[in-house]
1. With no solvent and one point per C-alpha, what does the Debye sum give as log10 I(q)/I(0) for region 194-312 at q = 0.10 Å⁻¹?
2. For Lys360, give me every one of the lysines with a C-alpha distance below 16 angstrom, ignoring sequence neighbours fewer than eight places off in its own chain.
3. Taking the Cα centre of the chain as the origin and placing charges on Cβ (Lys, Arg +1; Asp, Glu -1), which of Gly142, Ala23, Ala190 is farthest toward the positive end of the dipole?
4. How big is the C-alpha Rg of region 285-335 next to the rule-of-thumb value 2.2 N^0.38 Å, as a ratio?
5. Treating cross-link reach as a plain straight distance, find the lysines whose alpha-carbon is under 22 Å from the alpha-carbon of Lys156, omitting any fewer than eight places away in the same chain.
6. Helix 113-123: angle to the longest alpha-carbon principal axis of the chain, degrees 0 to 90, nearest 10?
7. What dipole magnitude, in Debye to the nearest 20, does region 96-171 give about its Cα centre under +1 on Lys/Arg Cβ and -1 on Asp/Glu Cβ?
8. Rounded to the nearest 500, what is the 222 nm mean residue ellipticity of the chain from helices alone, with -39500 (n - 2.57) per DSSP H run of 4+ residues and division by all residues?
Amino acid sequence: MKSATILIVGAGFSGSVVASELASAGRRVHIIDKRSHVAGNAYDEYDEYGVLVHRYGPHIFHTNAERIFEYLSRFTEWLPYEHRVRGVVDGVPYPFPINRVTLNQLYGLDLDEVGAAEFFERVREPREPVITSEDVVLNSVGRDLYEKFFLNYTRKQWGLDPSELKAGVAARIPVRTNTDDRYFTDTFQAMPLHGYTKMFEAMLDHPNITVELGVDFANVRDRAGYGHVVYTGPIDAYFDYCYGPLPYRSLRFEHEHLPAIEQYQEVGTVNYPNDHAYTRITEFKHLTGQQHAGTSIVREYPQAEGDPYYPVPRAENEALFKRYEELAKREANVTFVGRLAQYRYYNMDQVVGAALAAAKRLTG
């Protein structure tokens, strides 16, 4: 392996981080991607109107891991950014995740922090054990808030009822008794100053790395000469779906430019849990800090078919993944890493962490 070129499948976070680390350790790396660009789903570009947009939906970087932030800082400067979201209920936007302001605005109350905690305690429906996403939300905020903010959004996003999803999905969304309306509270919250694509290009700018785009792994997997393969695609596809396909949730993006509008909405993302076929609208200038006379937005339409974005977190899907994982363990010269290869609902910083760990194992 030390003398032979390593093939990396996928030029998103997982593949690019591993490629950079292996190249820095003196390995020769050839990275391929079936798309025409690097950066995976984090790919951003200037649209035809000159606005920097995220082609595959908004990507907001946040982490509590200083080592992850410092690692990526090798490849980019940062623009401080704290993401804010509103959830529209009956035509009115409310802070989301739910906080004290949400309660006071929605119910015409004047709660302080103690009062908000007492409110949640009064309306919650205790669940024991907490197994599903429905259990998580009802146990935390009760029936009315569950139905207003979570139930229909989850049905649109996943094509499933919250009672059919594992608890971890809803557990990602906090509930607050204070007035903090930031979506994330991580120590490090920022956007790559010149965009994600530029960060990835810097990551892959190494004499030991060659990049080949528009190439499907299926067309090169039998090429000779690779000492090892790092695979970041769907694990079921690698094994030709021999146990059947793993369920993934996909998205369709509807991008729109509004030439005469400098700001379309008050925050970066607005959720529509109960209205429309789309789940949310994101306005990119909030995320990037770009100055422009017009603005560009994207609407997200979850769907069953299309490129895989999210592993569907259900017990039966995890059991099916475990069967594929057993096959993966027998592949002596292949490393599987990333959201699709490990069938995990990873955040970006978690993907980077997993990729760094994989690279460390490979370099010994």
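1. Debye intensities relative to I(0), on a log10 scale: -0.53.
2. Result set, ordered by chain and number: Lys2.
3. Ala23
4. Values: Rg = 19.6 Å, N = 51, 2.2 N^0.38 = 9.8 Å.
Output field value: 2.00.
5. Here the lysines satisfying the reach criterion relative to Lys156 are Lys148, Lys166.
6. Roughly 90 degrees between the two axes.
7. On the way: 9 positive and 13 negative charges, 60 e Å.
In total the dipole reaches around 280 debye.
8. On the way: 12 runs with 112 residues, N = 364.
-9000 deg cm²/dmol, from helical runs alone.
Every number in this text was worked out from the coordinates using simple rules, so none of it is lab data. Quick caveat, the model's predicted, so the values are computed rather than measured. Note: ideal-geometry Cβ built from the backbone for every residue, glycine included; neighbour counts use all protein chains shown.
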